[in-house]
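First up is the structure itself, then whatever we jot down about it.
The values are calculated or read from the model by the stated rules, or taken from the named source; none is laboratory data. Being a predicted model, the structure only gives us computed values, none of them experimental. In this analysis, Cβ positions are derived from the backbone assuming ideal geometry, glycine residues included, and neighbour counts consider all displayed protein chains.
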Amino acid sequence: MQNTKGYNGWKNYETWNANLWLGETGETFDNWSWYAIKEYFHERFVYENRFLAEVGPLQDMIDAALSEIDWYEVAESYNTED
C-alpha cells in the first residue's frame, strides 16, 4: 500500500475511518474480498443504525460519505503478505 494518499496514508478520511472502525470489531478479515468487507461493515454499522435517519439531508450525507470509501484499499490492507 502506497503512503502517498490523502489522509493518514489512506485515500481519504472516509476510507481511513471505515478501516479504523473495522479494526475495532475484533475480526481479522484475512482473505476477505472487498465486497465481503463492505457487506460486513454495512451489516454491522449501517443497517442496524438506519432508523436514525431514514430519509432527508442527514441520510443523504451519510450515503455520500459511504460512497467515498475505497473498499479495495481496505481489503488490500488486510490481505497483504508480510
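Annotations
- Those residues of region 1-40 which are among the aliphatic types (A, V, I, L, M) and either in contact with a Phe, Trp or Tyr (Cβ under 6 Å, 6 or more places away or on another chain) or modelled with pLDDT of 95 or more (or both), in sequence order: Ala18, Leu20, Leu22, Ala36, Ile37
- Scanning region 41-82 for residues that are modelled with pLDDT of 95 or more and among the hydroxyl-bearing types (Ser, Thr, Tyr) returns Ser67, Tyr72.
- Residues of region 5-19 that are aromatic (Phe, Trp, Tyr) and touching a helix residue (DSSP H, G or I) at 6+ places or on another chain (Cβ under 9 Å): Tyr7, Trp10, Tyr13.
- Number of residues in region 7-38 that are assigned to a loop (DSSP other than H, G, I, E, B) and surrounded by fewer than 12 Cβ atoms within 10 Å (Cβ to Cβ): the value is 5.
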